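The values are calculated or read from the model by the stated rules, or taken from the named source; none is laboratory data. Keep in mind the model is a prediction, meaning the values are calculated, not measured. Note that we place each Cβ from the backbone using ideal geometry, even for glycine, and neighbour counts take in every protein chain shown. Ligands, DNA and RNA are stripped out before the accessible areas are found, and what is left, the full protein with its side chains, is counted by its heavy atoms. Shrake-Rupley method; radii C 1.70, N 1.55, O 1.52, S 1.80 Å.
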Amino acid sequence: MEESREPDRKDVPEKTEGDRAVEGQTSRADVSGQSTDQSNSSENKGDASDPRINRLKLFNKVMEKSLQRLVADASFHRFAKTFHPFYKQKPQLMESIHKQFVTELQTSIQDDIAQIMEEGNLQCKLEELDRLEEAAKDSTEPAWRPSGLPEQDLCSFVMPYYLQQREYLRREVRKVQKENAALAQRVQAGRDNIAQTEQLIAKGVEEWRASASTLEALTSLSPMQNFDIL
């Protein structure tokens with residue numbers, strides 16, 4: 001068996017112009033990152049009318065710089081060094097594979113970033129952060145800072161919500177109690193009507209029984225007696 005050996009330096013391809021361009025672009029982005037951020041900050045101050053110019057532009061800039069660094073790490077020089085035996089056999093095919101690999105990698109990463117922004121609704125959230133910052137710009141009150149005790153911070157954040165929910169439940173209970181009281185009054189009025197109806201029915205039955213008794217007494221007498229009575 002042949003022992004594995006490191007590829008000879010002369011067999012490793014020199015860095016192509018594309019690799020040098022990518023690395024140069026990445027290094028320039030790293031060196032001028034701070035100045036670029038400062039210039040972007042000054043531009044954003046002048047364009048405060050657009051609520052998404054600050055954070056959304058910064059997010060896109062960071063993603064672009066990260067993608068450039070990733071592409072620089074996947075240079076053809078390193079790619080060919082990793083797959084050196086295959087490069088020695090077919091260098092042109094290797095270069096074509098590397099170009100397709102870089103293209104697919106960039107497309108895949110960009111699609112993933114777009115999907116993350118869509119699923120997380122990042123654009124709306126970044127705009128909301130800009131609006132909150134703009135609203136609190138003229139505020140003189142000190143901003144909230146964590147106290148260092150998670151229990152207290154959680155209580156201070158959750159307690160207003162619970163108090164709001166308790167007040168809402170109390171209003172709902174009072175509303176239901178009021179509706180129940182109105183229903184109870186309606187039920188009592190219906191019962192009173194039923195009682196009065198029962199009394200009227202009982203009175204009518206008594207009158208009917210009295211009339212029936214009188215009629216029976218009259219029919220039990222002879223016709224002459226009936227005539228005398230009349």
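Suppose all protein chains stay in the model; what accessible area per residue would a 1.4 Å probe give for the stretch 101-230, in Å²? Working shown, then result.
On the way: 11640 Å² over 130 residues.
Accessible area per residue: 90 Å².
With +1 on each Lys and Arg Cβ and -1 on each Asp and Glu Cβ, and nothing else charged, work out how big the dipole of the stretch 102-156 is about its Cα centre, in Debye to the nearest 20.
Working: 4 positive and 14 negative charges, 45 e Å.
Once rounded to the nearest 20, the dipole reads 220 debye.
Using θ = phi - 60° and the Karplus curve 6.51 cos²θ - 1.76 cosθ + 1.60, what whole-Hz ³J(HN,Hα) does each residue of the stretch 141-146 get, with Gly and Pro shown as x?
With coefficients 6.51, -1.76 and 1.60, one gets 6, x, 6, 6, 9, x Hz.
Using a 1.4 Å probe on the protein heavy atoms, what percent of the accessible area of the stretch 89-130 belongs to carbon and sulfur?
Working: 1590 of 3090 Å².
Carbon plus sulfur share of accessible area: 51 percent.
For the stretch 61-76, just list the computed ³J(HN,Hα) in residue order, Karplus coefficients 6.51, -1.76 and 1.60, θ = phi - 60°, integers in Hz, with x standing in for Gly and Pro.
After applying 6.51 cos²θ - 1.76 cosθ + 1.60, I find 5, 5, 5, 5, 5, 5, 5, 5, 5, 5, 5, 5, 5, 9, 5, 5 Hz.
Run a plain Debye calculation on the stretch 98-154 (Cα atoms as equal point scatterers, no solvent) and give log10 I(q)/I(0) at q = 0.20, 0.21, 0.25 Å⁻¹, rounded to two decimals, same order as the q list.
-0.87, -0.89, -0.96
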